[in-house]
Amino acid sequence: MDATKIIKYPLNTEKSIRLMEAENKLVFAVDLKATKSEIKEAIEKIFKVKVEKVNTLVTSKGKKHAYVKLSADSPALDIATDLGLM
């Protein structure tokens, strides 16, 4: 699956901002059929960062969110600034 089809858009909520600052995590809306390993590869390819862990959540509205923990040498705030979230 193509990386741009897996990652739909970043989520800009109060919770995602808090996770970004406290835990170096980014939150993305992703394709419903994407696996954790596909999400990890797509994030690493698109943003050129090292991903430590990916957790996913399927919402009650039928959407899938990925909580992506970045390595310490890849600050989430830098990527958020590049995306225009901050």
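FYI, it's all coordinate maths here, none of it is from the lab. These numbers were taken from a predicted model, which means no experiment stands behind them. Cβ atoms come from the backbone with ideal geometry, glycine included; neighbour counts cover every protein chain shown.
Could you list Met86, Met20 in order of exposure, starting from the residue whose Cβ has the fewest other Cβ atoms within 10 Å?
Met86, Met20
Compute the distance in nm between two label points, each set 7 Å from the Cα along the Cα-to-Cβ direction, one at Lys53 and one at His65.
Simple spin-label model gives 1.7 nm for this pair.
Between Asn12 and Lys33, what is the FRET efficiency for a Förster distance of 25 Å, r being their Cβ-Cβ separation, to the nearest 0.05?
0.55
Compute a Gaussian network model of the chain, connecting alpha carbons closer than 10 Å, and tell me which residue from Leu11, Leu32, Leu70 fluctuates the most.
Leu32
If every alpha-carbon in the chain counts as one equal scatterer, what log10 I(q)/I(0) does Debye give at q = 0.12, 0.14, 0.16, 0.25 1/Å?
Debye output, listed in q order: -0.30, -0.41, -0.54, -1.37.
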